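Asks: Supplied in structure tokens, the structure appears directly below.
The values are calculated or read from the model by the stated rules, or taken from the named source; none is laboratory data. Remember, it's a predicted structure, so these values are computed and weren't measured experimentally. Reconstructed Cβ throughout: ideal geometry from the backbone, glycine too, with neighbour counts over all protein chains shown.
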Amino acid sequence: MKAMILAAGRGERMRPLSDSTPKPLLQVGGKSLIVWHIENLVRDGFTEIIINHAHLGQMIEAALGDGQQFGANICYSPEAEALETAGGIAQALPLIGKDPFLVVNGDIYIEYDFSRTREIGMAMRANNELFAAYLVMVDNPPQHAQGDFGLEHSKVKLMGKPMLTFSGVAVYQPDNFRDIKTGTKAPLAPLLKTLIGYDLVRGEHHRGRWVDVGTPQRLDDLDRLLMRGTADPV
């Protein structure tokens, strides 16, 4: 099972830090956000990793190389301009292949057992007409108090109780993205809402640590937390 890290965003809210450094290379706890992901993915058995990039993307390739230093094989999907989430995934489909795959947003920090998504991928492959996506959901952070979707008995709903926030970690069927023309911008939310409307999305409530590292203040807070080595929730 392959994993894709989304790293093409410009990081407007992270400026001026992201003016000279791509957001996934910003450091917390002594290493960059994207290295935390790569090390955790490899730890959990994901060694085939695809990374898309746009803004200052060559800096990402220079920092990570082919992945050997992490025990991984990294392939890159460059974008002349950021194609948004669904568009970026669609462009990377030749690298992803035909099987369900894991996706992780490059601008989050999460403590999660990625190995369990292998069983999810197997179930998705076996029930490809009934099971198109699997979302890892988290408690709503202060900056997104309304949440994204409901979660009821592992089924993701457009509205429901509880309303939770999509963490940026998911497993998808490649076929979800095949109608998106390569090289075109396409957001993820409309696609997810369509799949949810057809009852094709399942999910879970992750209660461990998760941070949307969207501003310099959140980056600093997470850095201090990780440098302390504390287990207190963020």
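Asks: Could you check how many residues of the stretch 115-159 are at positive phi, free of Cβ contacts under 8 Å to residues at least 40 places away in the same chain and small (G, A, S)?
Replies: Let us first name the residues in the stretch 115-159 that are at positive phi, namely 147, 153-154.
Restricting the remaining residues to those that are free of Cβ contacts under 8 Å to residues at least 40 places away in the same chain gives 147, 153.
Okay, now just the ones that are also small (G, A, S), so 147.
Residues meeting the conditions: 1.
Asks: Something else now. Of the residues that sit in the stretch 4-58 and are acidic (D, E) and over 18 Å from G88 (Cβ atoms), which one is modelled with the lowest pLDDT?
Replies: Initial filter on the stretch 4-58 (acidic (D, E)): 12, 19, 39, 44, 48.
In the following step, the residues that additionally are over 18 Å from G88 (Cβ atoms) were identified as 19, 39, 44.
On the way: D19: 63, E39: 96, D44: 97.
Here the residue is D19.
Asks: State the number of residues belonging to the stretch 116-166 that are aliphatic (A, V, I, L, M), touching a strand residue (DSSP E or B) at 6+ places or on another chain (Cβ under 7 Å) and part of a loop (DSSP other than H, G, I, E, B). It would help to see each step written out before you state the result.
Replies: In the first step, residues of the stretch 116-166 are kept if they are aliphatic (A, V, I, L, M); the result is 120, 122-124, 126, 130, 132-133, 135-138, 145, 151, 156, 158-159, 163-164.
Right, trim to touching a strand residue (DSSP E or B) at 6+ places or on another chain (Cβ under 7 Å) and you get 120, 124, 132-133, 135-138, 151, 156, 158-159, 163-164.
Subset that is part of a loop (DSSP other than H, G, I, E, B): 132, 158-159.
The number of residues fulfilling the criteria is 3.
Asks: Looking at (1) polar (S, T, N, Q); (2) surrounded by fewer than 20 Cβ atoms within 10 Å (Cβ to Cβ); (3) touching a Pro at 6+ places or on another chain (Cβ under 8 Å), which is the only condition T182 fails?
Replies: Of the numbered conditions (1) polar (S, T, N, Q); (2) surrounded by fewer than 20 Cβ atoms within 10 Å (Cβ to Cβ); (3) touching a Pro at 6+ places or on another chain (Cβ under 8 Å), the odd one out for T182 is (3).
Asks: Within the stretch 129-143, does at least one residue satisfy the condition of being crowded, with 19+ Cβ neighbours inside 10 Å and among the hydroxyl-bearing types (S, T, Y)?
Replies: yes
A quick yes/no check of all residues on (1) at pLDDT 95 or above; (2) over 20 Å from V211 (Cβ atoms); (3) over 20 Å from the mean Cα position of the chain (by Cα); (4) surrounded by 13 or more Cβ atoms within 10 Å (Cβ to Cβ):
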| residue | (1), (2), (3), (4) |
| --- | --- |
| G150 | yes, yes, no, yes |
| H153 | no, yes, yes, no |
| V156 | yes, yes, no, yes |
| M159 | no, yes, yes, no |
| L164 | yes, no, no, yes |
| G168 | yes, no, no, yes |
| A186 | yes, yes, no, yes |
